[in-house]
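The structure follows.
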Amino acid sequence: MNTYAQHLTLLQAQAESALARTGFDAMLIASGIEKYAFMDDRPYLFQANPHFKHWLPLTNHPNSWVLVRPGHKPRVVYYQPDDYWHVPPSSPTGEWVDLVELIIISRAEDAAAHLKAAGRLAIIGEADAGLDGLLPNNPPDLLNLLHFQRARKNGYELDQMRGASRRAAPAHLAARDAFLAGVSEAEIHRAYLVAAGHTDRDLPYGNIVALNEHCAVLHYQYQDVQRPAESRSFLIDAGAQVNGYASDITRTWSRGGDADFDALLAAMEVAQLALVDEVRDGVDYRDIHLSTHRHLAAVLQSQGIVNMSTEAMLEQRVTSIFMPHGIGHLLGLQVHDIGGFMADESGAVAPKPEGHPYLRLTRKLQAGMVVTIEPGLYFIPTLLRQLRASPAAAAVNWPLVEHLSRFGGIRIEDDVVCRAEGGPENMTRDAFAAL
């Protein structure tokens with residue numbers, strides 16, 4: 001039995017259990033529809049319902065459906081229009097084809113005739129994906145069961161995510177080389193796409209490609225077409241996608257020659273690897289986030305940026321000035337994968353630590369979970385103004401902060417698998433090591 005067949009068998013078993021526990025007889029999953037800009041005929045990039053691509057390695061297939069019934073093969077209604085304006089989906093191929101009941105339609109409205117099932121239906125999708133008599137109801141109790149389980153990846157899913165890391169790693173190195181050549185953010189982005197074999201529409205999220213002070217913008221959304229007069233630092237947060245599964249990798253590079261920034265970058269590399277090693281079965285992810293702030297305090301001390309004890313920095317939340325975001329999140333079919341705040345399968349919420357509002361994962365880690373570990377240290381003008389106005393300002397080496405602000409900041413991010421025994425699997429480092 002190949003890993004995809006095992007994956008499909010597991011999904012069927014999980015779905016049948018969830019249906020029985022919530023009183024539904026069958027489940028319909030819509031892939032979604034193309035959406036158009038307001039008062040225009042230009043579509044946005046299609047984003048498949050993650051529940052749909054959980055079952056099938058199909059990411060660019062609007063108007064398609066999966067019907068799940070206990071004791072039956074999944075029925076896939078596959079939309080393949082006879083279209084000369086756009087390239088339609090190709091004829092179905094791949095190992096999934098023989099494992100499902102496949103029905104091909106050429107008109108979206110024809111799907112309804114093939115989606116009839118007796119009893120109560122759970123219909124998963126956005127409201128605009130509904131058909132006549134088949135409107136998504138997204139039952140919360142059923143979704144909670146599915147979302148809680150989805151956090152743990154099986155062998156097939158891990159294989160796809162390893163592939164996504166292997167696809168992204170050479171693209172990161174191509175981007176680094178472009179940075180070292182002194183080109184613009186837009187040119188670096190293009191080098192990344194070529195090396196990844198992606199276009200913008202294939203990326204799991206919009207690349208963050210930041211030079212110099214732009215590295216201080218956490219979700220920097222532009223790509224400057226002008227080459228900078230001087231390229232001092234480069235932060236790239238960029239992933240790749242394989243069969244709907246994402247990688248999410250961040251690297252920070254310098255051109256060398258600035259001892260202060262290079263020493264800071266090296267210290268953050270050591271801290272990041274230590275935090276990766278904390279990814280263990282049974283560990284509360286919130287504890288890794290709090291550990292990050294202790295590591296960050298040590299870096300700020302050792303690099304002569306802040307002259308305060310760790311306890312004082314944490315009490316006065318000085319480290320949050322330099323790293324306002326969370327240490328990471330679940331990763332999978334979505335870059336910020338679903339279920340990160342669930343205390344249990346009922347949907348109860350595991351709260352964020354006090355004073356840390358941006359953490360995206362508050363669960364205890366379990367074997368099979370894939371998480372990101374992405375500590376950062378940034379010189380963000382608006383937050384530094386707050387620090388200047390605080391009692392901690394006297395402990396800050398402001399001339400050094402002003403010097404380092406020219407480099408924007410640092411983030412280092414790896415995709416890490418929690419394992420039942422032994423240390424974590426670092427998919428990102430493994431992908432770079434294989435090059």
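What about residue 125, is it closer than 27 Å to residue 241 by Cα, buried (at least 19 other Cβ atoms within 10 Å of the Cβ) and in contact with a helix residue (DSSP H, G or I) (Cβ under 8 Å, 6 or more places away or on another chain)?
Judged against the criteria, residue 125 is a match.
Quick one: how many residues across segment 290-343 are in contact (Cβ under 8 Å) with a residue 24 or more places away in the chain, touching a Ser or Thr at 6+ places or on another chain (Cβ under 8 Å), open to solvent by less than 10 Å² (accessible area, probe 1.4 Å) and of a type in the set (Gly, Ala, Ser)?
Result for segment 290-343: 2.
Residues are listed down the side, and each one gets a yes or a no for (1) in contact with a helix residue (DSSP H, G or I) (Cβ under 8 Å, 6 or more places away or on another chain); (2) not polar (S, T, N, Q):
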{"residue": "239", "(1), (2)": "yes, yes"}
{"residue": "243", "(1), (2)": "yes, no"}
{"residue": "251", "(1), (2)": "yes, yes"}
{"residue": "260", "(1), (2)": "yes, yes"}
{"residue": "280", "(1), (2)": "no, yes"}
{"residue": "284", "(1), (2)": "no, yes"}
{"residue": "291", "(1), (2)": "yes, no"}
{"residue": "300", "(1), (2)": "yes, yes"}
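List every residue pair whose Cβ atoms lie under 7 Å apart, where the two residues are 6 or more positions apart in sequence or sit on different chains, the first residue falls within segment 112-123 and is in a loop (DSSP other than H, G, I, E, B), and the second residue, located anywhere, is loosely packed, with under 14 Cβ neighbours inside 10 Å.
The qualifying pairs are 120/23.
Same structure again: Just give me the residues in segment 62-102 being open to solvent by 30 Å² or more (accessible area, probe 1.4 Å), under 20 Å from residue 33 (Cα atoms) and touching a strand residue (DSSP E or B) at 6+ places or on another chain (Cβ under 9 Å), in sequence order.
63, 75, 79, 80, 88, 91, 102
Assess whether residue 363 counts as being out of contact with any Lys or Arg (no Cβ under 8 Å at 6 or more places or on another chain), open to solvent by less than 20 Å² (accessible area, probe 1.4 Å) and of a type outside the set (Val, Ile, Thr).
Yes: the conditions hold for residue 363.
Now for a different question. Return yes or no: is residue 106 touching a residue at least 24 places away in the same chain (Cβ under 8 Å) and open to solvent by less than 10 Å² (accessible area, probe 1.4 Å)?
The answer is no for residue 106.
List the number of the failed condition for residue 20; all other conditions in (1) in contact (Cβ under 8 Å) with a residue 24 or more places away in the chain; (2) surrounded by 13 or more Cβ atoms within 10 Å (Cβ to Cβ) hold.
(2)
Name the residues in segment 140-171 that are outside any helix (DSSP H, G or I), open to solvent by 10 Å² or more (accessible area, probe 1.4 Å) and out of contact with any His (no Cβ under 6 Å at 6 or more places or on another chain), would you?
Passing the criteria: 152, 153.
Something else now. Just name the residue that is surrounded by the fewest Cβ atoms within 10 Å (Cβ to Cβ) out of those in segment 172-202 that are part of a loop (DSSP other than H, G, I, E, B) and without any contact (Cβ under 8 Å) to a residue 24 or more places away in the chain.
Once the filter is applied, the top-ranked residue is 199.
Oh, and also: Scan segment 247-258 and tell me whether some residue there is over 16 Å from the mean Cα position of the chain (by Cα) and of a type in the set (Asp, Glu).
yes
The values are calculated or read from the model by the stated rules, or taken from the named source; none is laboratory data. Remember, it's a predicted structure, so these values are computed and weren't measured experimentally. Cβ coordinates were reconstructed from backbone atoms using ideal geometry, including for glycine residues, and neighbour counts include every protein chain displayed. Calculation scope for accessible area: heavy atoms of the full protein, side chains included, ligands and nucleic acids excluded. Shrake-Rupley method; radii C 1.70, N 1.55, O 1.52, S 1.80 Å.
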